[in-house]
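Asks: Can you keep this structure in mind? I'll have questions shortly.
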Amino acid sequence: MRFRAKIVDIGCLNHFTRVINTIAKLAKTCTLRLTVDKLYFILSDKVANGGVSMWCELSQGNFFDEFQMEGVTAESNEIYLELISENFSRALKTAQNAKAVKIKLTNKLCPCLTVAVELPSLSSSSRIVTHDIPVGVIPRKLWNDFREPSVPDFDVSIYLPVLKTMKSVVERMKNLSNSIVIEANLNGEMNLKIETDLVCVTTHFKDLGNPPWMSKDGSQNSTQERDPESMAEACIDIKKLLQFLAGQQVNPTKALCNMVSKRIVHFVLLHDDVSLQYFIPALV
């Protein structure tokens, strides 16, 4: 089982750092799944128990100048590691002006993800700063616990408003309640609503647009049969929503929300080479 990768391009390094910083904001610990083509950062708290789930997918060819990995076996050519996200984020903070960053799987008393940052120097020799991040190797028999979350047939899919705007609205609302109701319909309308015994506050967004979803057999998604004016709604933990909005550094080209009424809110952020899914269950 081996893994070794190298980033030289400063633009790719800064982009990768932003992704890792986002992961660290969303998940204290996560699972890093390595394949030949992709990296996955996974948080799989049980949604049924009120936990959030995250699935972040990166194409390694868009970030790394070198990438070599050998999995557990030839048939199971993958590696699953558990790590503390903040440790990875901290290691990359020293790499802002780096000439190159190497990441490899090592064994130093325990399995580690070793990040070697090559910094520019006034002398002919470079300075190397090394970070050893302890990781847990997840055995093959547990891999099925970390598969991509299945998305149930949703009632409404809608593009999100500007994330910074949405974040400022939710930040003001969090002082009023521990929960927030998200409403959306197929007419491009979304409401963020706080309802308590003392106050009712609603922020309306219009003309957001609805993504054209197609099912696997080529037919239109069942959302098309829904009344465009009818609102789907879910009441969720406002702190979990704010954590998602406050952690974003990916600068997505598309951001959308899929809702199953009174069950789950599924956020999707899409960039050219990164996709991030975040699932927040509805409060009962």
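The values are calculated or read from the model by the stated rules, or taken from the named source; none is laboratory data. All values reported here derive from a predicted model rather than from experimental measurement. So basically every Cβ, Gly included, is an ideal-geometry build from the backbone, and we count neighbours across all protein chains shown. Heads up: the accessible areas ignore ligands, DNA and RNA and are worked out on the full protein's heavy atoms, side chains in. Shrake-Rupley method; radii C 1.70, N 1.55, O 1.52, S 1.80 Å.
Asks: Which ones in the stretch 248-284 are at pLDDT 90 or above and not in a strand (DSSP E or B)?
Replies: SER261, LYS262, ARG263, ALA282, LEU283
Asks: Being within 28 Å of HIS266 (Cα to Cα) and among the hydroxyl-bearing types (Ser, Thr, Tyr) is the requirement here; does SER121 meet it?
Replies: no
Asks: Still on this structure: Which members of the stretch 157-179 meet the condition of being under 21 Å from the mean Cα position of the chain (by Cα) and among the aliphatic types (A, V, I, L, M)?
Replies: ILE158, LEU160, VAL162, LEU163, MET166, VAL170
Asks: Same structure again: Which residues, counting only those in the stretch 198-213, are part of a loop (DSSP other than H, G, I, E, B) and either over 17 Å from ASP227 (Cα atoms) or among the hydrophobic types (A, V, I, L, M, F, W, C) (or both)? Please lay out each step first, then the result.
Replies: Narrowing the stretch 198-213 to residues part of a loop (DSSP other than H, G, I, E, B): 198-199, 206-213.
Residues satisfying the conditions are LEU198, VAL199, LEU208, TRP213.
Asks: Same structure again: Name the residue that is nearest to ILE128 (Cα to Cα), counting only residues in the stretch 70-107 that are among the acidic types (Asp, Glu) and open to solvent by 40 Å² or more (accessible area, probe 1.4 Å).
Replies: Within the stretch 70-107, the match that is nearest to ILE128 (Cα to Cα) is GLU86.
Asks: Among (1) open to solvent by less than 30 Å² (accessible area, probe 1.4 Å); (2) under 22 Å from ARG140 (Cα atoms), there is one condition ARG4 misses while meeting the rest; what is its number?
Replies: Condition (1) is where ARG4 drops out.
Asks: Kindly list, by first and then second residue, each pair from a residue in the stretch 30-49 that is under 20 Å from VAL265 (Cβ atoms) and open to solvent by less than 70 Å² (accessible area, probe 1.4 Å) to a residue that is acidic (Asp, Glu) and modelled with pLDDT under 95, limited to pairs with Cβ atoms under 7 Å and residues at least 6 apart or on different chains.
Replies: Matching pairs, first to second residue: SER44/ASP145.
Asks: Could I ask something else about it? Take the residues in the stretch 23-58 that are of a type in the set (Val, Ile, Thr) and modelled with pLDDT of 90 or more; name whichever of them is farthest from SER85 (Cα to Cα).
Replies: To start, the set of residues in the stretch 23-58 that are of a type in the set (Val, Ile, Thr) comprises 23, 29, 31, 35-36, 42, 47, 52.
Filter once more, so that each one left must be modelled with pLDDT of 90 or more: 23, 29, 31, 35-36, 42.
Details: ILE23: 7, THR29: 5, THR31: 9, THR35: 19, VAL36: 22, ILE42: 11 Å.
Only one residue fits best here, namely VAL36.
Asks: Go through the stretch 108-187 and tell me which strands (runs of 3 or more DSSP E), entirely inside it, have 2 or more residues that are out of contact with any Ser or Thr (no Cβ under 8 Å at 6 or more places or on another chain) and open to solvent by 70 Å² or more (accessible area, probe 1.4 Å). First the steps, then the outcome.
Replies: Numbers: elements: 110-119, 127-134, 156-159, 179-184.
In the stretch 108-187, the matching strands (runs of 3 or more DSSP E) lie at 127-134.
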